[in-house]
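Structure first, commentary second.
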Amino acid sequence: MLSRKQSQEPIQKSPIQRFLFVLGIVFFLMYFILGLTIIFWDQIPLTLSYNGRLAMGTLLIAYSFFRFIRLWQNR
């Protein structure tokens, strides 16, 4: 007998789980794009030096990957 993990039929996710998965992907992309925007946009309306923009953008990109890893593990 095959257990549920070994069966050939994947278990269908509920609509709430699918929605939360898509929402997690959207927020991953949002943080990633925001980090890139802060790093590369010279006319950003924040008074930050280049090093400050680089640090803030890098932290946002790292946080986006942290969220993606957590999302993937919960899947």
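Values in this text are rule-based calculations from the coordinates and carry no lab data. Given the structure is predicted, the values throughout are model-derived calculations rather than measurements. Note that each Cβ is placed from the backbone with ideal geometry, even for glycine, and that neighbours are counted across all protein chains shown.
Using mean Cβ contacts within 10 Å as the protection proxy, how do 49-57, 11-19 order, highest first?
49-57, 11-19
Starting from the Cα-Cα distance between Leu48 and Phe27, subtract it from 0.36 nm times their residue separation and give me the gain in nm to one decimal.
Full extension of this stretch gives 5.1 nm more.
Quickly work out the Leu71-to-Leu20 label distance, labels modelled 7 Å from Cα along the C-beta direction, and quote it in nm with one decimal.
Computed distance between label sites Leu20 and Leu71 equals 1.4 nm.
Rounded to the nearest 10 degrees, what's the angle between the helix 15-40 long axis and the longest principal axis of the chain, both from Cα atoms, 0 to 90?
On a 0 to 90 degree scale, this one is about 20.
Rank by packing, highest mean first: peptides 20-29, 36-45, with packing defined as the count of other Cβ atoms within 10 Å averaged across residues.
20-29, 36-45
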